[in-house]
Amino acid sequence: MTGREGRFRWVDLSARDRVAAQDFYERLFGWTTAELWVTPDIAYTTFSDRGAMVAGLGEMTEAAIGAGASSAWASYVTVTDVEVASARAVGLGATLEVAPTDVFAAGRMAIIADPNGAIVSLWQEGEHIGAERFDKPVSLIWNELNTRRLDVAIDFYTRMFEWDAEVQTDEGPPYVVFRLDGTMIGGAFEIRPDLPPDLPDHWLVYFSVADAAASAALARSLGATVVGPMDTGANGRFAIVEDPQGAQFCIFQSLMPGKDDS
């Protein structure tokens, strides 16, 4: 794979109340917003930082809300051909949740559940190539898989996207770093057995912040539930945040040179 293929290039939030979610993230991260009307009744919001798009926001359907679905962040991996990628995923044991479909001129997408049930979206670029800023406050810095069967996840993603899996065991339970062409693109670890058994496998998104403690305090003041901040050794500090509508994400303050530059 070359270029952007096989890399996380976009994240968006599906919220029960789009307007309330927009207000929360504008105040937390200082993002500015623009509304793109998909239909006369459905709007899609893009979040930007200093003019660069960093994420998106859509409103959940009444059917999804009625079925009890929670607000959630979604991670998108860029593929060259979404039909081919979807078929490959199914052949490797994934379930096709949403078949390949056009998103107007922006591109084509599909949604799959990996063999363990974790949801990930596939994106074939059209006019929308993904986020325009990464690894800097306040933009996407990491995507991390929480799974109950790490070995199955490694087998699927290394075959699906040609990722390399580097298993690290130096500090406690195994942690997997996924790489593509030598570049780190995501991580994975096994869900602790003491956590609730109904906690599903899922991809968690991390946003870079300049000060994890300050961002965590602000998130709490805006009605979020926050665990941390916690240290990750020499790499940085992070906190787990659940926004007022139940969508989880992490904030991460990098201590690596260059990562927190504006």
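Throughout, read-outs are computed from the coordinates displayed, never taken from laboratory work. The structure presented is a predicted model; accordingly, all values stated were derived computationally and were not measured. Every residue, glycine as well, gets a Cβ built from its backbone with ideal geometry; the counts of neighbours run over all protein chains shown.
Just a few scattered comments:
- Fluctuation leader among Val205, Val167, Val138 - the chain, Gaussian network, Cα springs under 10 angstrom: Val167
- Placing +1 on the Cβ of every Lys and Arg and -1 on the Cβ of every Asp and Glu, with nothing else charged, gives the range 140-254 a dipole about its Cα centre of roughly 280 debye.
- Point-charge dipole on Cβ atoms (K/R +1, D/E -1) for the range 8-125, about Cα centre, debye to 20: 260 debye
- Extension gain (nm, one decimal) between Ser221 and Val98, 0.36 nm per residue minus Cα-Cα: 40.6 nm
- Spin-label pair Arg159-Glu26: with each label point 7 Å from Cα along the Cα-Cβ axis, the two points sit 4.7 nm from one another.
- Secondary-structure-derived ellipticity at 222 nm for the chain, considering helices only, amounts to -5500 deg cm²/dmol, per-run term -39500 (n - 2.57) for DSSP H runs with n ≥ 4.
- The structure shown yields Cα extents along the principal axes in Å, and of the options [x] 84, 46, 46; [y] 58, 42, 32; [z] 53, 46, 37 that calculated value carries the label [z].
- Residue with peak Gaussian network fluctuation, the chain [Cα springs, cutoff 10 Å], from Ser221, Ser86, Ser139: Ser221
- Linear extension gain, Ala87 paired with Asn235, 0.36 nm per residue minus alpha-carbon span: 49.5 nm
- Part-to-part distance (alpha-carbon centres) for the range 178-217 and the range 1-64, which is given in Å: 20 Å
- Its Cα centre serving as origin, the chain has a Cβ charge dipole (Lys and Arg +1, Asp and Glu -1) of approximately 220 debye.
- Highest-fluctuation residue, Ala105, Ala188, Ala212 considered, GNM on the chain with Cα pairs under 10 Å: Ala105
- Additional length obtainable on full extension of the chain from Ala64 to Asp170, 0.36 nm per residue less Cα span: 34.0 nm
- Inter-label distance, nm, simple model (7 Å from Cα along the C-beta direction), Asp151/Val38: 4.0 nm
- In range of the label at Leu199: residues from the range 148-184 whose backbone nitrogen is under 15 Å from the point 7 Å along Cα→Cβ: 148-150, 173-174
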